[in-house]
Amino acid sequence: MPRDNRGPTGKPATRILLWAAAGAAALLLLALLLGPPSFSAAVGPRPLPDFARKSTVVASAFTYARDHPGDLEGIRCYCGCMMHPHGGRVHQSLRDCFLNGEEYEPHAAECGTCIGEALDVQKMTLQGLPKTEIAQRIDQRYGQNH
């Protein structure tokens, strides 16, 4: 008598295994695409302070800076903060407009240039542009007046 290889649902066991493998592969792909979350502690990402939530646009830029500070590192800011001290320091890159070490920097909350540049970096990064090209495009777009 031939052996019946059906699973608990009555379907052949190989079909169930194939679906389970496909589901696991899909979850793995999703995890790779999303990347690791930004955690400052076991409780999750640092919440945004009030000044970083004054509008949805400002909150979007601060959230991006918090979650992807390396994308803003090395990008020149054209608001003047890299030439004149803010809060006792001269900014070295666009990242500094949003973050001062691990703390939030209030400067960008009041600066349309910083917000615009950060959201442009986010858009170009999502388009898959390399950082060198992103930096060039930021320089072309915002550096015209400086």
Checklist outcome for this item: Here the relative contact order (percent) of region 39-125, from C-alpha pairs under 8 Å and at least 6 apart, is 29
Item to check | Likely footprinting exposure, D139, D71, fewest C-beta neighbours within 10 Å first | outcome: D139, D71
Next on the checklist: Using Cβ counts within 10 Å as a stand-in for footprinting exposure, how do D120, D50, D67 rank, fewest first?
Outcome noted: D50, D67, D120
Next on the checklist: Order these by the 10 Å Cβ neighbour count, fewest first: H91, H84.
Outcome noted: H84, H91
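Values in this text are rule-based calculations from the coordinates and carry no lab data. Predicted model, so just to flag it, every value in this text is computed and none were measured. Neighbour counts run over all protein chains shown; Cβ positions are idealised from the backbone, glycine included.
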